[in-house]
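Here's the structure we're looking at; comments come further down.
The values are calculated or read from the model by the stated rules, or taken from the named source; none is laboratory data. This is a predicted model, so every value here is computed, not measured. Quick reminder, even Gly has a Cβ in these numbers, built from the backbone with ideal geometry, and neighbours come from all protein chains shown.
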Amino acid sequence: MSAPELSPASLDRLPLEVRKPAYDHAALKPGIAHIGVGAFHRCHQAEYTDDLLANQFDRWGLVGINIRPPLLADTLGRQDGLYTRLIRQNDEVEARVIGSIIRVVDSQESAAPALDVLASPDIEIVTMTVTEKGYCHIPSSGALDLDHPDVVHDLANPQSPRSVPGILARALELRMASHGRPVTLLSCDNIPTNGIILSNVVRAFAERRGGKLAEWIDANVAFPSAMVDRIAPATTDADVDTVEQRFGYRDNAVVVGERFRQWVIENRFAGRVPRWDLVGATFVDDVTPFEHLKMRVLNGAQTTLCYLGVLGGFEHTFEAIADPLLATFVHRMLTQETLPTLMPVPGVSPTAYVEQSLSRLTNTAIHHRNHQIATDGSQKIVQRLLNPIRDRLAKGGSVALLSVPVAGWMAYLIKASARFGRAWPVSDPFAERIAAITDRISANSRELAHAILAIDAIFDPALAANATFRAHVIAGLDGLLSEDPMAFVRHVCAEHEDVLLKQPARSA
């Protein structure tokens, strides 16, 4: 006999150990729209909203929108927006059904269904997790990429947009023309000053639309920045089977995450806002110190471990950090070179945050594939690696360690080229360009590094021209493309012992 599917009708029959929504899911009314209903959103913003609804029931039901695959109708749609969030910590498993999503919208074929939701007067806040590349911006500058194919299409066809900036600009135009209600657009992606980036790309569209749209946006739309944190890898068939075998029901929309979560939001909104601060989120005047801490430490460690991990033959993050060499390298990189670039964060010890972050990555139940983390690396390395490198160089500090994962990103894409036998498939907006460079240039690390550093959409020209940085990247690329890349990592590690640990303790 097959297990029953998760649905509103089956909630009362679930085991007592499965936590259920503490409010009437059927009574929810829409107030939030979310673009990009993937695993992270369902493990993070939707869970915070579920907590808020249990604490203070209000018109904050979520309407989930996907404008890129996958389709939602056959998973979340069939279950009326209900799904199971599993917390996995080594051998521990905790199940909870989240009920904050009340409707899902597939808008992959046409923007019209998404625009209908986003332009509705019921929607007072729009959140999004569309990945770094979804903003169609130039990573090195934050400006709208006017050469992006979807941007070119949307500027020529503004009423049938394909891109996130184009869809949002059109939705705001429809709101202005109909009811004129204010709205907050809240990015929840790992981009520094993500509110400013979102504002930049949406306003760029509005200015090209002419009329009064740009002026209306200035008066009626807020773009707060935010920092989000929870590790939520892609769901596997084994995760779906775990729910069925352990709890006795079928859920094809299961998501898995770690226990830790954090959400820091700039306190700048247009109109009403969900009081997520009542259930663990933090509203602050300036998100920057928090985002630098998280992106440069946790995300910097993830990026480093994913590239060096793949080059070292490890499939998952927890396996890479279990390797003594890689664990030592990433710890030394963070403590010696990353921490000095951070701003003070209220109530946070940076060194304790490093230890906590690295400890989180050792969770053997979170099967975060290195190739998944490596996806779209060209959009991530600016904030995770290049910005701290720029800060270090400005103060005359060493960047020998931070330069290694930059070279690791290059080596990862180079080895995916035909010249290197397509060692693995990759997904990165600059993969084809780097493959073309690799196929054109002989396997000379200096020439390869020079050509890749010349991509100014990623590398700020001033940074790319820095002789110290270039020398470290060339040496790193040469070592990581060798027959024994870990020998190079071992060599760099040996040259940079943990000097911070040798310093005498300061008195309080």
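Some notes on this structure:
- Residue that is surrounded by the fewest Cβ atoms within 10 Å (Cβ to Cβ), among those in the stretch 230-260 that are in contact (Cβ under 8 Å) with a residue 12 or more places away in the chain and among the acidic types (Asp, Glu): Glu244
- Within the stretch 98-127, tally of residues that are touching a helix residue (DSSP H, G or I) at 6+ places or on another chain (Cβ under 7 Å), part of a strand (DSSP E or B) and of a type in the set (A, V, I, L, M): 5
- Any hit, the stretch 83-90, residues being touching a helix residue (DSSP H, G or I) at 6+ places or on another chain (Cβ under 9 Å), over 30 Å from Arg360 (Cα atoms) and at pLDDT below 95: no
- Residues satisfying the stated conditions in the stretch 373-392, i.e. among the hydroxyl-bearing types (Ser, Thr, Tyr) and within 11 Å of the chain's Cα centre (by Cα): Thr375
- Of the residues Arg68, Arg78, the single one that is assigned by TED's automatic domain parsing to the domain that holds Asp277 and more than 30 Å from Ile455 (Cα to Cα) is Arg78.
- Ile373 surrounded by 16 or more Cβ atoms within 10 Å (Cβ to Cβ) and out of contact with any strand residue (DSSP E or B) (no Cβ under 9 Å at 6 or more places or on another chain): yes
- Among the residues listed as Asp189, Asp147, the single one being in a loop (DSSP other than H, G, I, E, B) and under 23 Å from Val228 (Cβ atoms): Asp189
- The residues listed here are Thr335, Thr303; of these, the one that is touching a Lys or Arg at 6+ places or on another chain (Cβ under 7 Å) and under 24 Å from Arg390 (Cα atoms) is Thr303.
- Selection status of Ala320, free of Cβ contacts under 8 Å to residues at least 60 places away in the same chain and in contact with a Phe, Trp or Tyr (Cβ under 9 Å, 6 or more places away or on another chain): yes
- Condition met for Gly397 (in a loop (DSSP other than H, G, I, E, B), without any contact (Cβ under 8 Å) to a residue 24 or more places away in the chain and either surrounded by 23 or more Cβ atoms within 10 Å (Cβ to Cβ) or over 22 Å from the mean Cα position of the chain (by Cα) (or both)): no
- Selected residue [assigned by TED's automatic domain parsing to the domain that holds Ala27, touching an Asp or Glu at 6+ places or on another chain (Cβ under 8 Å), acidic (Asp, Glu) and touching a residue at least 60 places away in the same chain (Cβ under 8 Å)] from Glu132, Glu124, Glu92: Glu132
- Take the conditions (1) part of a loop (DSSP other than H, G, I, E, B); (2) of a type in the set (D, E, K, R); (3) over 20 Å from Val202 (Cβ atoms); Asp51 misses just one of them, which is (1).
- Yes/no for Pro30 being under 19 Å from Val183 (Cβ atoms), surrounded by 16 or more Cβ atoms within 10 Å (Cβ to Cβ) and not basic (Lys, Arg): yes
- Test: residue in the stretch 460-471 that is among the hydroxyl-bearing types (Ser, Thr, Tyr), over 19 Å from Phe314 (Cβ atoms), out of contact with any Lys or Arg (no Cβ under 8 Å at 6 or more places or on another chain) and modelled with pLDDT of 95 or more: yes
Here's the yes/no breakdown for (1) surrounded by fewer than 17 Cβ atoms within 10 Å (Cβ to Cβ); (2) modelled with pLDDT of 95 or more:
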{"position": "Gln262", "(1), (2)": "yes, yes"}
{"position": "Asn267", "(1), (2)": "yes, yes"}
{"position": "Gly271", "(1), (2)": "yes, no"}
{"position": "Arg296", "(1), (2)": "no, yes"}
{"position": "Gly300", "(1), (2)": "no, yes"}
{"position": "Thr304", "(1), (2)": "no, yes"}
{"position": "Leu308", "(1), (2)": "no, yes"}
{"position": "Leu311", "(1), (2)": "no, yes"}
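- Remark: Arg419 falls outside the filter, which requires a residue to be out of contact with any helix residue (DSSP H, G or I) (no Cβ under 6 Å at 6 or more places or on another chain) and among the basic types (Lys, Arg).
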